[in-house]
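J.: The structure's right below; bear with me while I get my questions together.
The values are calculated or read from the model by the stated rules, or taken from the named source; none is laboratory data. Since the structure is predicted, the reported quantities are computational estimates derived from the model, not experimental observations. Here the Cβ positions follow ideal geometry from the backbone for every residue, glycine too, while neighbour counts run over all protein chains shown. Each accessible area value is taken on the protein alone, full model and side chains, heavy atoms only, with ligands, DNA and RNA left out. Shrake-Rupley method; radii C 1.70, N 1.55, O 1.52, S 1.80 Å.
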Amino acid sequence: MWIADMDTMPKIDFQVVKDGSLWDLVKNRTKATYNVADGPLWAARLVVCPPEEPCKLPQVKDAFPHQYHLVFNWNHATTDGVGMVSMQQIFFTLLDDMLDVAQVDDKLIGKMRDRNEDRAIEAKIKETLEKDPQRLKVLLEEVSRYKTRVPLITEIFGEPQEPYPDTISLPKQVLDHKLLQVFIAKCKANKVTFNSGFGGLMNAALVELAREAGLERDSYTISSYHSVDTRRYKSDVSSVMWGYHACNMTHTMETPCNIRKSFWKYVVDYDTKFRNHLKTNGPFQDRMLDHMVLAAMPDRKLKATHDFFYVNLYSPRTKSFGSGKHIQQTDYCSCSPLTKTDYGMTNTIVSFRDQVMIQPHISSGFITAANAAKFIDKVIGMFNDISKTSD
């Protein structure tokens, strides 16, 4: 079994920390190792804040004066982004109920599922392609060429000469609520998802930065990486499904230089290509081909080939949480180490209470914080412009 209950009483890796930098703690925890044989495969640290530390929601501090940071670590073999968001919500509800001395429902929440169905789909794809060796050869050559590409964002800003790359968290940028509703309405009117609308927006922002940098072309090749929830491919999904059920999908688009003039047409094309890849088991084919190419290139030096990783954890149907009777959640941030990936920038769209925001992280070996901030500023500026423009 790929995951199992402990034979002994569950071990809990929990500590209270009373001093030190929060971000230093987070970075150290991302480098922590797990006892994968005996567990636990998660850990938590409670950081006690000094009374003078500012609160991200100062309006609640008088009624809730005691402030803490709670840092969770999860081994990615056992959970994914969807699971972590669900656990955060469940934990908040349980903690508030316990402080209220309320009856806590102890029934199981959801089921743990393995990835055997995913593996079966990948095996079927491989078997089909092996019956068409010419097509398989073409696909493998395409992936191999991709492994040597220089991302457009690197062409624009260059590659930092950083001998000791580190993961850096940039300030979250909150999207204007009224403009967000307008943008969502425009996505619906064009029959595209919010995910595609915002993905197209980030591509358009990158094109404008390229033109400002003097890279004049008729069109620009932009490759983004997307975390796809593979629960959509499962059968008999009747409750919360725990485990790691994500597959990274490459989405490459030729983006015209005059993108603003045809923005929504471009987004429709973006959305059509994205959906078709999902419908044809594209993420699994991508992963299978990637494994085959990497197996044939054991000495390949890891380098970033994608312009950015785009993770959308927001949905207009997402329910707000964080305002409890006894506790108030005043901030939220998730982070994964980026220095050993084939992408060097992650842009996550996440909702927190009544806000929707972009949460950027970078590898300092891929892009500087200043240049990443220029990209995010351009995205925000274009979001505001597109939302205000009459179609």
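J.: Keeping to region 57-85, report how many residues are outside any loop (DSSP other than H, G, I, E, B), within 27 Å of H226 (Cα to Cα) and open to solvent by 40 Å² or more (accessible area, probe 1.4 Å).
T.: Of the residues in that region, 4 qualify.
J.: Follow-up. Quick one: which residue in R287, R231, R260 is over 24 Å from L139 (Cβ atoms), within 19 Å of the chain's Cα centre (by Cα) and of a type in the set (D, E, K, R)? Walk me through how you get there before you give the answer.
T.: Working: R287 fails: over 24 Å from L139 (Cβ atoms); R260 fails: within 19 Å of the chain's Cα centre (by Cα).
Only one candidate qualifies: R231.
J.: Separate question: Take the residues of region 24-34 that are of a type outside the set (V, I, T) and open to solvent by less than 70 Å² (accessible area, probe 1.4 Å): which is nearest to L338 (Cα to Cα)? Quick ask: steps written out before the conclusion?
T.: Taking region 24-34 and keeping what is of a type outside the set (V, I, T), we get 24-25, 27-29, 31-32, 34.
If we keep only those that are open to solvent by less than 70 Å² (accessible area, probe 1.4 Å) as well, we get 25, 27, 29, 32, 34.
Numbers: L25: 16, K27: 11, R29: 14, A32: 14, Y34: 19 Å.
Looking at residues that are of a type outside the set (V, I, T) and open to solvent by less than 70 Å² (accessible area, probe 1.4 Å), I get K27.
J.: Looking at region 249-285, which of its residues are more than 30 Å from K388 (Cα to Cα) and either touching a residue at least 60 places away in the same chain (Cβ under 8 Å) or open to solvent by less than 10 Å² (accessible area, probe 1.4 Å) (or both)?
T.: M249, T250, N281, G282, P283, F284, Q285
J.: Also: Y225: among the aromatic types (F, W, Y), in the same structural domain as T341 (by the TED database), modelled with pLDDT of 95 or more and crowded, with 17+ Cβ neighbours inside 10 Å, yes or no?
T.: When the stated conditions are applied, Y225 does not pass them.
J.: Of all residues in region 154-186, which are in contact (Cβ under 8 Å) with a residue 40 or more places away in the chain and in a helix (DSSP H, G or I)?
T.: Result: T154, E155, I156, F157, H177, L179, L180, V182, F183, I184, K186.
J.: Quick one: which of S262, S196 is within 30 Å of G365 (Cα to Cα), in a helix (DSSP H, G or I) and out of contact with any Gly (no Cβ under 7 Å at 6 or more places or on another chain)?
T.: Exactly one residue qualifies, and that residue is S196.
J.: Follow-up question, since we're still on this one. Conditions first: (1) of a type in the set (S, T, N, Q); (2) open to solvent by 90 Å² or more (accessible area, probe 1.4 Å); (3) within 23 Å of M112 (Cα to Cα); (4) assigned to a strand (DSSP E or B). Q15 passes all but one, so which condition is the exception?
T.: It is condition (3) that Q15 fails.
J.: In addition: Among the residues of region 35-56, write down those that are basic (K, R) and open to solvent by 90 Å² or more (accessible area, probe 1.4 Å).
T.: K56
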